[in-house]
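First comes the structure, then the notes that go with it.
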Amino acid sequence: MHLSAHSLSTLPADIQTPAYDRTAHDPGVVHLGLGAFHRAHQAMVFDQLLAGGDTRWGIHGVGMTRPDLVNQLRAQDGLYAVRIADGQGVKWQVPGTLWRMNVAATERDAVVQAIAAPSTRWVTLTVTEKGYTPALAQLLLDGLRLRQQAGLSGITIASCDNLQGNGHKLQALVKAAATPQDADVLGWLDAHCAFPCSMVDRIVPAATSEVMAAAQEALGVQDQCALSTEGFWEWVIEDRFADPLDAALLQSAGVRVTGDVHSYEEAKLRMLNGSHSAMALMGAVTGRPFIASCIGEPHIRSFVHRLMSREVAPHLSRSDWADYRDALIARFGNPYLKHSVHQIATDSSQKIPQRWPPSVLGQIAQGTSFEHHALAAAVFLCYTLGVDEQGQAYTLNDPQTESLMALGAAQRNEPEACVHALLAREDLWGKALPSNTAWTARVTHWHQQILQHGVDAAIQHLLQQEV
C-alpha cells in the first residue's frame, strides 16, 4: 500500500496528519517550484494555518520542469511524509496542503489559469538561486493580466528564493515583460498587488532511498516523495501584502514579519550559504560525502566558526549573529540530514558571487584578514580538477562546467596562471576583487599549500597561523 488519501487513516497515531477537509475548497496559493525545500518549509507553515481552520491556504503546486515528481505526488493525492530530526529527537508529519499540481513546461495554460483563479490570494516562488528568467516573468504577467481583466482582487507574489531583494527583482522583471498594451495591467498591479521580499531558511536535503525506507518503516506504507529536514526553520517576510491582515496570520504560525528583511537575508547568504559552499567544496575535494562529515572534523568546525566570526560577521547588520552562528554549526552537524556536499557544490559559479565577495571586500576595506575566504577560493579551484584526494572522480554540475574544467585540467602544470585566470573573472568576483593583488597573492598561497599538502593540512596550517 502507498501513501494516499485512502491510506491516511491507517497511519500510526503518533504521526501528525491533516484533519482538515482537503477537497471542499479551491487552493488559495499557487506555488512555483515544487521541490523538496518548499514542501518541507512553506507548505508546512500553510499546513498550520489550515489546521487552525483557515481554509484559504491550500496549495496549487507547480513543478517547473519535472513531470516525474508531479506524477509521483499526484499518485499520492499530494501527500508526502516529512521526517523532522534534530537534537530533540525524531518525528514524522504528513502535511496536507498540496491540493492540485501541474508542470509549467507542459501545462502552461493550467498554471496561468491557476494564477488567475478567483480563489488565489498568493503566489509563492522557490524557483532558482540563479536569477529569474523572462519566461517566468511572462508566465506571471499572463496570469495577472487575466485577473485584472476579470476584475479580480490583487494578490501577494512572494519570492522565497535565495536572492537579495528578491521581491524587488521579481517585480521589476514582471514589469519589464509588459508591452505598451499592458498599461492598465501595470496600473492595477501597482495599486493592488504586493511583491514582498523574503528570506527562508531550513536545511532540506534532496530525497534519498534511505529516507524512503525510513518513511515506510515509520508509516507502514510506501512513500515515493518522503523528505527529511531539521527542526529549525525561519521565514522572514517584508510587511507588504495585498491583504494587510495576512501579516498577523503569518505571525501566528511563527513567521517573522518585518520592515527589515535585508539584514536577515545577507546574514543567511554569507553565514549559512557562504560556509555551506566552503564546506561542500572541501568535502568534495577531500572525499567526505556530507556536510555533517565535514563539520564533524574539529579543524573544519574551527575554520567555519572563524570564517563566520572574523570575516563575515563584521559586515552584517543582523544583531544576533553570534547566536545565529552557533545555531548554524549545530544544524550543520545534524546526522539525520545527510546533506550531500556535491548537491551543495552544484552551480557554485552562480552561488559564490553572492556568498563570498561582499565579506572579502568588507575585510579589505577595513584592512583586516580575509585568509579563510582566500583558502575557500583556493579549494574552489582545486574542486575544478574533478577528482578528489583519494583519486575518485566526480562530476561538476555547473552552468560553467566547461570553462571550470579547462582550469582544472591546466592547474597541475600551470597552477599560478590558473589562479590568475579564475580570479580575473568578474562574473565570479565582481569588478573590484580581480584587481586586488593582495587577494590574488593569498589565494595563490593557499592553492600551492593545498596542491602540495592537501586541504586538511592547509586548513590546520591556517588555524595555527591565525590564533
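Taking other Cβ within 10 Å of each residue's Cβ, how do 212, 1, 199 sort, fewest first?
1, 212, 199
Given just the C-alpha atoms of segment 8-258, how large is their convex hull per residue in cubic angstrom?
Taking only Cα atoms, segment 8-258 has a hull volume of 123 Å³ per residue.
Within 10 Å of each residue's Cβ, count the other Cβ atoms and sort 360, 103 from fewest upward.
Listing 360, 103 from fewest to most nearby Cβ atoms yields 103, 360.
As a test of the formula, what do you get for the chain when each DSSP H run with n ≥ 4 contributes -39,500 (n - 2.57) and the sum is divided by the residue count, at 222 nm and rounded to the nearest 500 deg cm²/dmol?
My calculation for the chain gives -13500 deg cm²/dmol from helical runs alone.
None of the figures in this text is laboratory data; all of them are computed from the coordinates on show. Everything numeric here is computed off the predicted structure, so don't read it as measured data. Quick reminder, even Gly has a Cβ in these numbers, built from the backbone with ideal geometry, and neighbours come from all protein chains shown.
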